[in-house]
Structures are given as C-alpha cells and as structure tokens.
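Reading through the structure tokens given below for one structure.
The values are calculated or read from the model by the stated rules, or taken from the named source; none is laboratory data. Given the structure is predicted, the values throughout are model-derived calculations rather than measurements. Neighbour counts run over all protein chains shown; Cβ positions are idealised from the backbone, glycine included. The protein model used for the area step is the full one, side chains on, heavy atoms only, and it has no ligands, DNA or RNA in it. Shrake-Rupley method; radii C 1.70, N 1.55, O 1.52, S 1.80 Å.
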Amino acid sequence: YNSTPILHGAMLGSFEEFLYSIFDRQLELSKEGKTPTLPTWLSPVQVRVIPVKKEFVERARDIQRELARNGVRVEVDDRDVGLGRKIRDAGRLWIPYLAIIGPREASTGNLTVRIRSSGEQLPMNLNELLERVNSEQC
C-alpha cells in the first residue's frame with residue numbers, strides 16, 4: 001500500500017490537448033475581432049525577414065544568421081513576389097514578427113518590425129528585436 005496521494009487534474013494532459021486549448025482560445029479572440037496568435041515560444045517560425053527588393057536579400061540573410069545564432073527560429077522570404085503578398089502569406093502562417101528591410105532600413109540600420117499580437121509596426125534595431133523575442137521564449 002502506497003500512502004502517496006493521487007492528485008487529479010493537477011496536469012493539463014497531453015500536448016495535443018494543450019495545443020487544442022490554445023487554438024480554442026485564439027478562435028474565441030478572433031470572434032471578438034482580435035488577431036489570433038501562437039505564443040512566440042511555440043511558433044515554428046518566430047521571425048520572418050522580408051527584403052523589399054532583391055538588393056536587400058544579402059542584408060536579410062545577415063540578419064537571419066545573427067538571429068539564428070542567438071536561438072531564434074527565423075527565415076528569409078526572398079521570393080520574387082510583391083511585399084503585400086509576402087506579408088499576407090506570413091499572416092496566414094501566424095508568424096509573430098516580420099522584420100522588413102527596404103531602402104530606409106538599410107540606410108538607418110534599423111528594421112521595421114510588424115508585431116502580430118498587437119498589430120503594431122515599430123522601428124527596432126536588431127538587438128531590440130532579439131531581446132523582445134527572447135523575452136517571450138519562456
């Protein structure tokens with residue numbers, strides 16, 4: 001006979017149940033007119049770097065390497081399609097952060113970052129983006 005108490009309901013359950021609960025909550029938020037999002041730590045791609053033109057692809061790759069070196073799951077969208085299409089496609093995949101690189105960003109050294117959860121578009125340098133993503137890893 002083991003005198004250790006059995007606690008029911010102390011654990012959430014399987015990982016699938018956890019994911020379904022996240023999706024259910026996001027469905028409710030979307031019904032309220034809010035943008036559905038996954039937690040950054042759970043997103044398969046946390047940052048997508050989008051060069052506005054082909055001439056910015058190499059800078060986008062440099063940013064990708066730096067973010068990846070710091071543990072961020074990142075990819076570059078270097079397809080030969082328009083900026084609007086790249087942004088829409090990233091939205092369909094629920095990517096939390098879009099880092100856009102164009103002429104202004106190349107000259108200032110900053111990025112224009114679109115944040116899915118808030119809908120904001122903010123100028124950030126690479127370190128600020130990295131800090132923000134890392135703060136959401138827990």
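Table for the structure above
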read-out	value
Heavy-atom surface of the chain, accessible at 1.4 Å and reported per residue (Å²)	63 Å²
Within the chain, longest stretch free of exposed trypsin sites (Lys or Arg not before Pro) [DSSP loop, at most 13 other beta carbons within 10 Å]	80-138
Percent of alpha-carbon pairs separated by more than 24 Å within the chain	38 percent
At R0 = 25 Å, FRET efficiency that the Cβ-Cβ distance of GLN26 and GLN121 yields, to 0.05	0.70
Region 15-113, relative contact order in percent, only Cα pairs under 8 angstrom and at least six apart counted	31 percent
Overall form of region 17-91 per C-alpha gyration tensor (a/c, 1.5; a/b vs b/c)	oblate
Length added when fully stretched, ARG85-GLU128, from 0.36 nm per residue minus Cα-Cα	12.9 nm
Expected 222 nm ellipticity per residue - DSSP helices of 4 or more, -39500 (n - 2.57), all of the chain, to 500	-12500 deg cm²/dmol
Per-pair calculated FRET efficiency, R0 = 22 Å: GLU58 and THR108 via Cβ, rounded to 0.05	0.80
Over region 87-126, relative contact order from alpha-carbon pairs under 8 Å, at least 6 apart, %	33 percent
Backbone N within region 100-116 under 20 Å of label point (7 Å from ASN70 Cα along the Cβ vector)	100-102, 105-116
Long-range HN-HN contacts of VAL49 with modeled amide H, under 5 Å	GLU75, VAL76, ASP77, ALA99
ILE95 long-range amide H proximity, modeled H, under 5 Å	none
Phi to ³J(HN,Hα) by Karplus 6.51 cos²θ - 1.76 cosθ + 1.60 over region 73-78, Hz, x for Gly, Pro	7, 9, 9, 10, 9, 9
Accessible area of LEU19 in the full protein assembly, 1.4 Å probe (Å², nearest 10)	40 Å²
Loop-resident sites, region 46-138, for GluC sites (Glu not before Pro), counting at most 12 other Cβ within 10 Å (DSSP)	GLU120
Whole-percent carbon and sulfur share, accessible surface of the chain, 1.4 Å	53 percent
